[in-house]
Amino acid sequence: MSQLAILGGAPTLTQGDHRPWPQLGAREREAVSRVLERGVLGGEDGPASRALEARFAELVGVRHALLTHAGTSALQLALAAAEIAPGEEVILPAYGYVAAPLCVLARGGIPRFVDVDRENGNLDPRAVEEVLTTRARAIVPMHIHGCPADMDRLGALAARYGLALIEDAAQALGATHRGRPVGGLGASAAFSFQSTKHVPAGEGGVFVTDDDAAAERARSARGFGRDVRAQREAGGLVAHTLGGVGRGNEMMAAVALAQLERLPERMATMRWNETLLRDAFADLEGLSLQAVEADRTAVWYKLRLHFDARVAGLALAPRALRSLLMRALLAEGVGVTLWQDHLLPEHPAFAPHEGFGRRWPYALHPEPDTLRAEYRAERFPRARALLDASLVLFDENRPLIAQTPRTVERVAAAVRKVWAGRHALARAFPDDGPTDRT
Ligand SMILES: Cc1ncc(COP(=O)(O)O)c(C=O)c1O
């Protein structure tokens, strides 16, 4: 076995091995030039924006798509379309990205967190009924790392309890669930064009829905709360409901359209890379890649690498092993990150009575003390165990989807090298790394 780079050996990858992200070329330059030549930079009826919206609706299989200036604004539109009111509750996974629960809070809604599936990291449908009250209005699964949540069971729960099922599909453009594209599986969905996503356009997002009335409410929320139909008749802006400015712009739409054309080719590369990694790790005891169920396809951007210290014969707490592996992989030149280490309910913004000021909106809850107890990390053991015992391979600047198979082979070799050297690693850093939190 060759010496680990962290112990003085040669790194497996060098600086230039990973391809950076985003990848832009003549297609994007020409698309932006056309926008500049036309001289229409923004507005809801801009030709590039309209073309992008039409393309997106077709891709997702829904009637309406609205370009927004971020994935977060698309989430805001989704909550507005679902008419979430102050004090009403929205069910979200305890692990994921902070945008959706912050949007809930911004409407005066109360985020209710539930534990996730230990294997795929998504909101666990089995946990939903534990937090369900008559104040619940929506469920927001996140399709984490591009891997679809269990939309059949979530859909059944949403139907049974009259909840809006809103997909946070920011990381999952192109993923499918039982052959259907994510984003068209619930009441509405939000996608993101932020620089680290599969289709980057600097910033930007899309709200999608198949429901005409929901689309109208979202359009109104995107444009200062105006009445979309009356506006066209009467002229002049009249705010009828809570809204803001959530429009995208023409440059963003043009870049996103150009990047969308590259998506099929990128997905093919990503799948090849995924197979390569799965094959390379198949015989490693105690090490595995994030799972995807047989009825779904994922669009991995990054991939979670799970490890089990006990199976690997190491007397190390998971977080201590995580810290060692991360340092050793970085030393080998592998793009690796934690991505998140806080559970969502642990963020001070959500711990009730903290972070948001004047106890709002938690004061609207009939039993704020009970609610506060429900945000404690102990309630989400699977999410905690998942984060403690895994790392994310590839990072924002060096995503799996952008890499050549040759680079991915090297990454696989580096992971195998570090795993083979894990005992030497543990011996070299006996006191290293934090112990477990719980
Ligand atoms: C799951 C998820 N939701 C929402 C967002 C927010 O998207 P944006 O940054 O475009 O606002 C992101 C990423 O940034 C995300 O990963």
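The values are calculated or read from the model by the stated rules, or taken from the named source; none is laboratory data. Since we're looking at a predicted model, the values are computed, not measured. Positions of Cβ are backbone-derived with ideal geometry, glycine not excepted, and every protein chain shown enters the neighbour counts. What goes into the accessible areas is simple: the full protein's heavy atoms, side chains included, and nothing from ligands, DNA or RNA. Shrake-Rupley method; radii C 1.70, N 1.55, O 1.52, S 1.80 Å.
Search the range 183-195 for residues that are under 27 Å from Pro22 (Cβ atoms) and pair each with any residue that is open to solvent by less than 20 Å² (accessible area, probe 1.4 Å) and among the hydroxyl-bearing types (Ser, Thr, Tyr) when their beta-carbon atoms are under 7 Å apart and the residues are at least 6 apart or on different chains.
Ser188/Thr209
Here's a check for you: in the range 78-98, which residue that is over 21 Å from Thr133 (Cα atoms) and open to solvent by 10 Å² or more (accessible area, probe 1.4 Å) is farthest from the ligand (Cβ to nearest atom)?
Val98
Taking the criterion of being more than 14 Å from the ligand (Cβ to nearest atom) and more than 30 Å from His353 (Cβ to Cβ), would at least one residue in the range 139-150 satisfy it? Full working, then the answer.
Keep residues of the range 139-150 that are more than 14 Å from the ligand (Cβ to nearest atom), which gives 139, 150.
Filter again for more than 30 Å from His353 (Cβ to Cβ), leaving 150.
Yes, there is a match, as at least one residue in the range 139-150 is more than 14 Å from the ligand (Cβ to nearest atom) and more than 30 Å from His353 (Cβ to Cβ).
Looking at the structure I just gave you, is Ala70 under 13 Å from Phe350 (Cβ atoms) and within 15 Å of the ligand (Cβ to nearest atom)?
Details: under 13 Å from Phe350 (Cβ atoms): no; within 15 Å of the ligand (Cβ to nearest atom): yes.
Here the answer is no, as Ala70 does not meet what is asked.
Out of all the residues in the range 118-149, which are out of contact with any strand residue (DSSP E or B) (no Cβ under 8 Å at 6 or more places or on another chain) and either open to solvent by less than 10 Å² (accessible area, probe 1.4 Å) or modelled with pLDDT of 95 or more (or both)?
Scanning the range 118-149 gives Asn120, Pro125, Arg126, Glu129, Thr134, Gly146.
Report yes if Ala256 is open to solvent by less than 50 Å² (accessible area, probe 1.4 Å) and part of a helix (DSSP H, G or I), otherwise no.
Values: open to solvent by less than 50 Å² (accessible area, probe 1.4 Å): yes; part of a helix (DSSP H, G or I): yes.
Yes: the conditions hold for Ala256.
Need the failing condition index for Arg153 against (1) part of a loop (DSSP other than H, G, I, E, B); (2) farther than 24 Å from Glu367 by Cβ; (3) of a type outside the set (A, V, I, L, M), just the number.
(1)
State yes or no: is Val104 assigned to a helix (DSSP H, G or I), buried (at least 19 other Cβ atoms within 10 Å of the Cβ) and either within 15 Å of the ligand (Cβ to nearest atom) or at pLDDT below 95 (or both)?
Working: assigned to a helix (DSSP H, G or I): yes; buried (at least 19 other Cβ atoms within 10 Å of the Cβ): yes; either within 15 Å of the ligand (Cβ to nearest atom) or at pLDDT below 95 (or both): yes.
For Val104, the condition - assigned to a helix (DSSP H, G or I), buried (at least 19 other Cβ atoms within 10 Å of the Cβ) and either within 15 Å of the ligand (Cβ to nearest atom) or at pLDDT below 95 (or both) - is met.
With the requirement that a residue be touching a residue at least 40 places away in the same chain (Cβ under 8 Å), away from the ligand (no atom under 14 Å from the Cβ) and not in a loop (DSSP other than H, G, I, E, B), what does the range 115-138 give you?
Val131, Ala136, Arg137, Ala138
Looking only at the range 161-172, decide whether some residue is more than 26 Å from Val131 (Cβ to Cβ) and touching a residue at least 24 places away in the same chain (Cβ under 8 Å). Give the steps one after another, and end with the answer.
Here is the first cut: in the range 161-172, the residues more than 26 Å from Val131 (Cβ to Cβ) are none.
Among the residues of the range 161-172, not one is more than 26 Å from Val131 (Cβ to Cβ) and touching a residue at least 24 places away in the same chain (Cβ under 8 Å), which makes the answer no.
Can you tell me which of (1) open to solvent by less than 30 Å² (accessible area, probe 1.4 Å); (2) more than 13 Å from the ligand (Cβ to nearest atom); (3) over 17 Å from Arg222 (Cα atoms) is the one Ala65 doesn't meet?
Answer for Ala65: the failing condition is (3).
Condition test on Glu367, is it among the charged types (D, E, K, R) and touching a residue at least 24 places away in the same chain (Cβ under 8 Å)? Walk me through how you get there before you give the answer.
Details: among the charged types (D, E, K, R): yes; touching a residue at least 24 places away in the same chain (Cβ under 8 Å): no.
Here the answer is no, as Glu367 does not meet what is asked.
Select from the range 177-233 the residues that are open to solvent by 50 Å² or more (accessible area, probe 1.4 Å) and within 16 Å of the ligand (Cβ to nearest atom) and write down the one among them that is nearest to Ala159 (Cα to Cα).
Gln194
Does Ile110 fit the bill of being under 21 Å from Leu79 (Cα atoms), of a type in the set (A, V, I, L, M, F, W, C) and more than 16 Å from the ligand (Cβ to nearest atom)? It would help to see each step written out before you state the result.
Working: under 21 Å from Leu79 (Cα atoms): yes; of a type in the set (A, V, I, L, M, F, W, C): yes; more than 16 Å from the ligand (Cβ to nearest atom): yes.
Yes: the conditions hold for Ile110.
List pairs: first residue in the range 44-62 and touching a residue at least 40 places away in the same chain (Cβ under 8 Å), second residue among the hydroxyl-bearing types (Ser, Thr, Tyr) and open to solvent by less than 60 Å² (accessible area, probe 1.4 Å) anywhere in the structure, Cβ distance under 9 angstrom, at least six positions apart or on different chains.
Qualifying pairs under 9 Å: Val62/Ser188; Val62/Thr209.
List the pairs whose first member sits in the range 392-407 and is free of Cβ contacts under 8 Å to residues at least 24 places away in the same chain, whose second member is open to solvent by less than 10 Å² (accessible area, probe 1.4 Å) and of a type in the set (Lys, Arg), and whose Cβ atoms are under 8 Å apart, counting only residues at least 6 apart or on separate chains?
none
From the list Arg304, Arg319, which residue is in a helix (DSSP H, G or I) and open to solvent by less than 60 Å² (accessible area, probe 1.4 Å)? Before the answer, list the steps.
Details: Arg304 fails: in a helix (DSSP H, G or I).
Result of the check over Arg304, Arg319: Arg319.
Please specify each residue of the range 125-150 satisfying the condition of being touching a Pro at 6+ places or on another chain (Cβ under 8 Å) and farther than 20 Å from Ile84 by Cβ.
Those that are touching a Pro at 6+ places or on another chain (Cβ under 8 Å) and farther than 20 Å from Ile84 by Cβ: Ile144, Asp150.
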